[in-house]
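Contents: one structure, followed by commentary.
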Amino acid sequence: MPYALEDMLVVGVASSALFDLTDSDEVFRSQGESEYRHYQEEHIDNLLEPGVAFPFIKRLLSLNDLGSPDAPLVEVIVLSRNDPETGLRVMRSIAQHGLPITRAVFMQGKAPYRFMEALNMSLFLSQNETDVRQAIQEGFAAGRVLGQPAADMTGTELRVAFDFDGVLADDSSEAVMQAEGLPAFHAHETEHTLDPLPEGRLSEFLRGLNRIQDREQERLSNDDTYVRRVHVSIVTARNAPSHERVVRTLKSLGVRVNDAFFLGGIEKSRVLRVLKPHLFFDDQLSHLEGAANDVPSVHVPFGVANQFSASE
């Protein structure tokens, strides 16, 4: 019987997001593919250190204890530009770290994100900016990891934070902001308060997190000692009166969050350093730069906010 992915939260992760590949990447860039292949073979048993997405992936996979061996809730699949031979070190490091990842796609020098739809993936994480931008342009949900991995490697709670416009919703309101400024933006959002925004690229990923939260509620109903592990927040530059459209849009999309921070221009890093998400998703690099060294972040290069940087 085929291994069914339809009811799972499936995430694709590049080896560059899962592990710190600084040394091997330097060999590839400075000495070429042949030396890179030799380097990976020579260091095949050397454990790769955790990368930006490692704590997030580890905790996400740990949530499979809410399901059963025959019906896991989460599947993580490696999507790599390595060929199968140079990818051996990645798979050995996965096993050495005890991560239950057994499936991988290795494509020598080619972009593997093209298989996201076939594998029912709602998110692809990579450090390769080109792959991420191309995936976004082709309609997929993808993000480039930035910063350092979360420090708490051994905990069980999974904290995920999202910006709203350009991430969970589309960028139509952001386009008004960029073109006409803040007063026009607030006027536009007040006029359209009751009109839900179209969904953004990461809304399906949030649905997957919500399904896991539903399973947590079932566990809690049967075991009052269970402590919820998945916590989802929105951290947005919106404030009143534009906040209400956020709440109504989430409801129309059938998704929910535990907390919302409507910051109205307050630097997001102030909140993020306290919230300590294992990943924070935002479509604007300027919102990530202030906290990237303290908070593992993901740049989602979608929409009008990224048109200039995409053309650089």
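Thinking of region 152-213 as a set of Cα atoms, what percent of all their pairs are more than 13 Å apart? Each step should come with its number before you reach the end.
On the way: 1316 of 1891 pairs.
Of all Cα-Cα distances in region 152-213, 70 percent exceed 13 Å.
The ASN120 and ALA184 beta-carbon pair, evaluated with R₀ = 30 Å, returns a calculated FRET efficiency of approximately 0.15. Here region 1-156 is treated with +1 on each Lys and Arg Cβ and -1 on each Asp and Glu Cβ, and its dipole about the Cα centre works out to around 240 debye. Taking chymotrypsin sites (Phe, Trp or Tyr not before Pro) across region 1-70, the ones in a DSSP loop with at most 15 further Cβ atoms lying within 10 angstrom of their Cβ are TYR3. Positive end of the dipole of the chain, charges at C-beta (+1 Lys, Arg; -1 Asp, Glu), about the Cα centre: which of ILE57, GLN217, ALA14 has its Cα farthest in that direction? My answer, from the dipole projection, is GLN217. Restricted to Cα atoms, region 1-117 shows a radius of gyration and a Dmax of 14.9, 46 angstrom. Largest GNM mean-square fluctuation among ALA291, ALA179, ALA95, using the chain with Cα springs under 10 Å: ALA179.
Computed on the chain, with alpha-carbon pairs under 8 angstrom and 6+ residues apart, the relative contact order is 20 percent.
Which listed residue (HIS278, GLY32, PRO84) has the Cα farthest towards the positive end of the charge dipole for the chain, taking +1 on Lys and Arg C-beta and -1 on Asp and Glu C-beta about the Cα centre? Looking along the dipole axis, the top candidate is HIS278.
Comparing Cα centroids, region 155-217 and region 74-141 end up 26 angstrom apart. Each residue, ALA240 and MET1, gets one label point 7 Å from its Cα in the Cβ direction; the gap between the two is 5.3 nm.
So, R0 is 41 Å and r is the distance between the beta-carbons of THR193 and THR225; what FRET efficiency does that work out to, to 0.05? After rounding, the FRET efficiency stands at 0.45. Evaluated at q = 0.17, 0.18 Å⁻¹, the base-10 log of the normalised Debye intensity for region 172-312, with identical point scatterers placed on the Cα atoms, takes the values -1.08, -1.20.
Of the chymotrypsin sites (Phe, Trp or Tyr not before Pro) found in region 223-273, not one falls in a DSSP loop while having at most 13 other beta-carbon atoms within 10 Å.
Mind checking the dipole of the chain: about its Cα centre, +1 per Lys or Arg Cβ, -1 per Asp or Glu Cβ, Debye to the nearest 20? Don't skip to the answer; put the middle values down first.
Details: 29 positive and 47 negative charges, 104 e Å.
With Lys and Arg at +1 and Asp and Glu at -1, about 500 debye.
Accessible area per residue for region 187-312, computed on protein heavy atoms with a 1.4 Å probe, is 49 Å². Among the protein heavy atoms of region 148-279, carbon and sulfur supply 52% of the accessible surface, probe 1.4 Å, non-protein parts ignored.
Across PRO296, PRO277, PRO84, mean-square fluctuation computed from a Gaussian network of the chain (C-alpha pairs under 10 Å connected) peaks at PRO84.
Only Cα pairs under 8 Å and 6+ residues apart enter the sum, and on that basis the relative contact order of region 179-262 stands at 43 percent.
The values are calculated or read from the model by the stated rules, or taken from the named source; none is laboratory data. This is a predicted model, so every value here is computed, not measured. Heads up, the Cβs are rebuilt from the backbone with ideal geometry, glycines too, and the neighbour counts pull from every protein chain shown. To get the accessible areas, we keep the full protein, side chains included, count just its heavy atoms, and leave off ligands, DNA and RNA. Shrake-Rupley method; radii C 1.70, N 1.55, O 1.52, S 1.80 Å.
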